[in-house]
Each structure stands twice: as C-alpha cells, then as structure tokens.
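Just below is one structure, and these are the notes that go with it.
The values are calculated or read from the model by the stated rules, or taken from the named source; none is laboratory data. Here the structure is a predicted model, which is why all the values come from computation and not from measurement. Neighbour counts run over all protein chains shown; Cβ positions are idealised from the backbone, glycine included. For accessibility, only protein heavy atoms count, side chains too; no ligands or nucleic acids. Shrake-Rupley method; radii C 1.70, N 1.55, O 1.52, S 1.80 Å.
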Amino acid sequence: MSSYVFMKLLETQASRYDLGMRMLSTGRIERLYAEVAEQVPEHGDILDVGCGTGGVTAALLSPGRQVTGVDRSPQMLAVAQRKLAEPIATGAVRLRQAGITGLDREFAVESFDAVVCCLVLSELTATEERYALDVFCRLLRPGGILVLADEVVPERRLRRWFYRAQRFPMAAVTYLLTQTSTHAARGLEGKVADRGLEDVAATRTHRQSFQIIAGRKPACHLQPQQ
C-alpha cells in the first residue's frame, strides 16, 4: 500500500481517482474501505473526514446510519456528489466542503457517534496531526468510536525493506510533480490511547502496510495528555 504516495497525483485528476486507487491497491481498495466501515457502529451519525470521491462514505451506508462526508477539494466532492446521488437525495448522506481546520466551525462538540478518517493523517505534519486527533475526539459523543486508517511501515524486516524500496521512487516522482509528499503514519495506536479513548485496537492488512485503529470515547471523557 506504499503506492498511496500517488494520492496527491490522483487528487489533481479527481475523475480518475477511483480508477487510480483500484490500480494502486491491486483491486483491493473497496475491501479496505469495507474493513474500515466494519469498525463503525451500525446506527448513528457518522463523520467521514477527507471523504474524497466518497469511497469510504459509500461503504459506510446502512439503514441505521446518517453519514456526513467532508473534504477540502470541490473537485473530489463533485465526483462524490454524482456517485452518491441516490443516498444524498434520500438524506442518508450529506456532503460538505471543509478542511480539518474548519471542522470546529462546521460542527458542534459531541455531534457524532463515530468519526472516520481514512488516508488523511499521512498527509499532515506532526502539528496538524495532533490538532486533527484532538478535533476528532471533541466531535465524538460519549461512547462514540474513532476509526483511523492509514499507510504504515510494515513491522517485518523483509516487508519493510520492500516497502521502502517501492516507496522512495514513488515519493520522489510525487514531489517533483506536485511539490507535496506523504509519509507513513506512526504510533497512532498510542496517540489515540493518550487522548483517553478506551478499547483501542489496531489491525494491519495489505502486507502490513495499511493499519486500521479504532478506539471508544468513554462516557466520562478524560483530558488528553499534553
């Protein structure tokens, strides 16, 4: 899944994003989206941060869920609008243009039963990541679930070597063409636990290079460690 460094390239061609992600994930991206959705409660208000063209949003759809997708890119949201036209018409899905820094203005504290963030944190600086995690926790209702999914460095030595060998040329091309880069997320499990979330669990998939982390906000939320 080290090919996710090409997301920056794909985001410049929103209409080709889904095809590109299927190719880069060797056809597994829909299954990865489904694995993320499986971590979310069957009922409630769900926020999908960085929803892009609506892949995770579509996977989250079920009769008991109200899903709100937010993304900073109007081009990506336009694709999601077309893809999710029917659930949008029925009110099952709402789409809004907003970046992470705008979430506090868009939504009240404790507005959601689950917050999902897939393939976004790897694009952020350390400061931005801390801010994002704090905002996600504030938006969760007591008992709500935070689900993070992102690229990580494999733990096994051989797979780690293969991952880095693949990633370096991809990262170089991405930077040359877009002047931006991504990085593998690190220590997310501990960062989620540090914010007082309970029952934190992490699973790895796709040759250990993709991690899904879920944690529950307690009924009496603890203050995050500084």
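Tell me the Kirkwood hydrodynamic radius of the stretch 36-105 in angstroms, computed as one over the mean inverse distance between distinct C-alpha pairs. It would help to have the intermediate numbers written out before the result.
Working: mean 1/r = 0.0838 Å⁻¹.
Every distinct Cα pair counted, the radius reaches 11.9 Å.
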- Quick one: how many Å² of Val109 are accessible to a 1.4 Å probe, rounded to 10? 100
- Once the Cβ-Cβ distance between Arg105 and Arg31 is put in as r, and R0 is 35 Å, what FRET efficiency do you end up with, to the nearest 0.05? 0.50
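Around Arg141, under 12 Å between beta carbons, what's the net of Lys plus Arg minus Asp minus Glu among the other residues? Can you show the working numbers first?
Values: positive: Arg138, Arg216, Lys217; negative: Asp45, Glu110, Asp113.
After counting each charged neighbour, the total is 0.
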- Query: If we sort 55-62, 194-201 on the protection proxy, mean other Cβ atoms within 10 Å, highest first, what's the order?
  - Reply: 55-62, 194-201
- Short version: ³J(HN,Hα) in whole Hz for each residue of the stretch 42-50, in order, from phi by Karplus 6.51 cos²θ - 1.76 cosθ + 1.60 (θ = phi - 60°), x for Gly and Pro, what are they? 5, 10, x, 8, 10, 10, 9, 8, x
- Message: Quick query: amide H of Asp45 versus all other amide H atoms, modeled in the peptide plane; which residues come in under 5 Å with a sequence gap of 5 or more or a different chain?
- Response: Gln66, Asp113, Ala114
- Theoretical gain in end-to-end length, Asp199 to Arg130 [0.36 nm per residue, Cα-Cα removed]: 22.8 nm
